[in-house]
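Let me begin by presenting the structure, written as structure tokens, before commenting on it.
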Amino acid sequence: MIRLIPALALVAAAIPAHATMPTIDHNALDLAVQRFTGNALGAPGGAAAPIDRRLRLSSCGGDVRVSWRTVRRDTVILECPVGAGWKLFVPVVPTNAVMGAETAVQTASLAVAKGDVVTIEVKGTGFTISQGGQAMEAGPVGSWIKIKAAGKGEVLTCQVLRRGLVSMPTS
């Protein structure tokens with residue numbers, strides 16, 4: 001039993017080093033999106049939601065790049081090109097000032113539009129896994145739509161949870 005104590009001490013000493021790894025400030029990322037779009041969080045043309053505070057992104061060794069994903073300006077990309085090399089896709093509230101009332105109501109009821117970049121989430125007991133994807137169909141919250149997963153391009157059927165987030169069943 002005495003021989004295990006030094007091994008446990010080594011493991012315990014290693015944990016704080018990993019736990020204290022500097023992470024990026026989520027408020028700074030929200031502010032970067034707001035400055036880039038010129039619109040406040042939740043306002044037309046601004047980010048649809050704040051950056052998920054559960055994300056533990058490594059601090060970026062250089063400046064975070066901010067750009068539009070497409071010419072439609074429906075998603076902002078935040079990218080750290082150095083170090084950990086992470087990339088976030090931030091959905092933007094549509095600015096459809098010219099569309100008719102019927103189209104506006106129809107668009108407002110959709111949480112995910114065809115072509116939107118979404119996060120695919122799989123939850124199980126004690127874990128959550130997420131991956132990026134692109135909506136192949138539009139749908140309101142609660143509906144089941146086809147999503148093309150990033151990487152292999154596998155087509156999955158997922159349930160829309162909210163704007164930019166879909167869930168895949170575990171069984």
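The values are calculated or read from the model by the stated rules, or taken from the named source; none is laboratory data. From a predicted model like this one, the values you see are computed outputs, not experimental measurements. When we count neighbours, we look across all protein chains shown, and the Cβ atoms used for this are built from the backbone with ideal geometry, even at glycine.
Some observations on this one:
- Residue count, the range 64-80 (criterion: more than 15 Å from the chain's Cα centre (by Cα), in a loop (DSSP other than H, G, I, E, B) and either of a type in the set (S, T, N, Q) or at pLDDT 85 or above (or both)): 2
- Given (1) in contact with a strand residue (DSSP E or B) (Cβ under 7 Å, 6 or more places away or on another chain); (2) closer than 16 Å to T75 by Cβ, index of the condition R162 fails: (1)
- Tabulated pairs, the range 150-164, first in the same structural domain as Q131 (by TED's automatic domain parsing), second surrounded by 13 or more Cβ atoms within 10 Å (Cβ to Cβ) and among the hydroxyl-bearing types (S, T, Y), C-beta under 7 angstrom, 6+ apart or interchain: C158/S167; Q159/S167; V160/S143; L161/S167; G164/T119
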